[in-house]
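What follows draws every value from the coordinates through simple rules; no lab data is involved. Note that the structure is a prediction, hence the values are computed from the model and not measured. Positions of Cβ are backbone-derived with ideal geometry, glycine not excepted, and every protein chain shown enters the neighbour counts.
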Amino acid sequence: MVEDNICRECDSELDPNLKYCPNCKCNVEIEKIEKIDDTPQKMRTTNPFQKFTENIVWGIAMLVIGGYQLLTGNEWYFQVIGVLVIGLGIRNLYKNYKKKSQGNSLGNS
């Protein structure tokens, strides 16, 4: 417990009630906040349907279905549905791209 009451900057002993070190005037509250944030966060679980809908193949299929609906729809609301499905397909592909690019940058570091 002695480590918790030592200033990170000047290594002097601290009173737990102080917000600033009396010697070097650095903020001691930052150290307390960092200790709280060290706990690992719960991983988000995905169900099989969610994994399927986040797949790249599903995004491409949405683009194809939306394009077909947009080009062959006789009524205006079929064309609106086609545009919405194309938008969802683009969103899906972009999210997959971002996820893969974040994974690659973390792996190379």
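Remarks
- Placing R0 at 22 angstrom, the Cβ-Cβ distance between residue 102 and residue 53 gives a FRET efficiency of 0.70 after rounding to 0.05.
- Inter-label distance, residue 71 to residue 11: 7.3 nm, where each label sits 7 Å from its Cα along the C-beta direction.
- P(r) weight above 15 Å for the stretch 48-103, C-alpha pairs, percent: 49
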